[in-house]
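To keep things clear, I will list the structure first and then write my remarks on it.
The values are calculated or read from the model by the stated rules, or taken from the named source; none is laboratory data. Keep in mind that this is a model prediction, so the values were computed, not measured. No Cβ is skipped: glycine too gets one built from the backbone with ideal geometry, and neighbour counts run over all protein chains shown.
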Amino acid sequence: MTAISPSLMIAPEGNLSRYLQEIRKFPMLGPDEEYVLAKRFREHGDGSAANKLVTSHLRLVAKIAMGYRGYGLPMGELISEGNVGMMQAVKRFDPDRGFRLATYAMWWIRAAIQEYILHSWSLVKMGTTAAQKKLFFNLRKLKGQMQAIEEGDLSPENVRKIAEELDVTEADVVSMNRRLSSPDHSLNAPVRTDGEGEWQDWLVDDRDDQETELGEREEMGRRRKLLSLALKNLNERERHILTQRRLKEEPVTLEDLSQQYGISRERVRQIEVRAFEKLQKSIKNAAIDNQVHT
């Protein structure tokens with residue numbers, strides 16, 4: 001597969017205000033156009049297709065990067081790392097799996113930014129556990145939810161609540177809070193060296209915009225339709241067992257189903273696995289047919 005070069009994207013270093021304005025010029029892609037471009041890149045290594053896929057999602061990268069602005073690192077660097085994650089996502093994206101690139105790319109973008117932050121913070125050692133990483137990236141949010149915005153150590157009650165929420169020790173919470181305690185930057189600090197434009201001008205609303213919400217609703221409706229059609233390809237017993245085992249919040253046990261059908265638990269498990277494989281195949285074929293005929 002042809003590698004995606006970082007030169008395909010605008011570098012966010014320097015004038016961040018101008019960069020954020022420039023990336024708004026790249027058009028958003030509809031589901032059909034995105035699918036075609038992804039297929040062209042995946043099957044033929046088309047660099048121009050990869051370019052369009054990446055640049056159409058630069059606003060998503062910037063939005064996610066803004067969420068990490070509280071760690072004292074240059075926003076341009078966070079965006080650059082997020083762009084690297086975006087390129088990795090495009091390389092690995094399989095459009096035939098039935099979901100949009102943005103949904104898949106979010107994980108890669110966040111992972112790239114978080115890894116960069118962890119490497120950049122000298123107080124966070126390389127041997128940090130998964131639980132400590134979770135604490136590192138969630139402590140500020142939980143403090144905000146608890147309105148624990150006072151400087152210095154947290155109250156014992158808040159320490160206990162955070163430790164329980166994130167499944168870490170209270171000592172870890174106290175230690176991490178002290179590591180992260182540093183003066184906050186003013187929202188009125190200028191973005192540009194000439195003094196024009198302030199950070200507060202680029203604060204991102206945590207709520208999804210109308211375009212994102214509409215896209216998510218359409219995507220969810222499409223998935224439900226594909227699932228409904230695929231379930232019709234199963235016989236009554238397969239459909240019932242699969243629904244009880246995999247589509248309920250509290251799955252029915254193999255023992256209960258084995259008694260209901262008068263068969264062994266192993267036989268129920270085999271039917272479940274076979275039904276799930278048939279369901280996956282039906283959804284994939286339906287998704288391909290839908291893309292071909294739309």
Item to complete: For Ala102, state whether it is of a type outside the set (D, E, K, R) and closer than 23 Å to Arg222 by Cβ.
Response: yes
Worksheet item: With respect to Met106, is the statement that it is touching a His at 6+ places or on another chain (Cβ under 7 Å) and either of a type in the set (Asp, Glu) or not in a loop (DSSP other than H, G, I, E, B) (or both) true?
Response: no
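Here is a yes/no grid of residues against (1) out of contact with any helix residue (DSSP H, G or I) (no Cβ under 7 Å at 6 or more places or on another chain); (2) of a type in the set (D, E, K, R); (3) buried (at least 21 other Cβ atoms within 10 Å of the Cβ); (4) at pLDDT 90 or above:
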site	(1), (2), (3), (4)
Leu53	no, no, yes, yes
Leu60	no, no, no, yes
Arg69	no, yes, no, no
Met75	no, no, no, no
Asn83	no, no, yes, yes
Gln88	no, no, no, yes
Gly98	no, no, no, no
Ala105	no, no, yes, yes
Ile109	no, no, yes, yes
Worksheet, complete the sentence: Residue count, region 245-290, condition under 20 Å from Ala230 (Cβ atoms) and either part of a loop (DSSP other than H, G, I, E, B) or not acidic (Asp, Glu) (or both), comes to 23
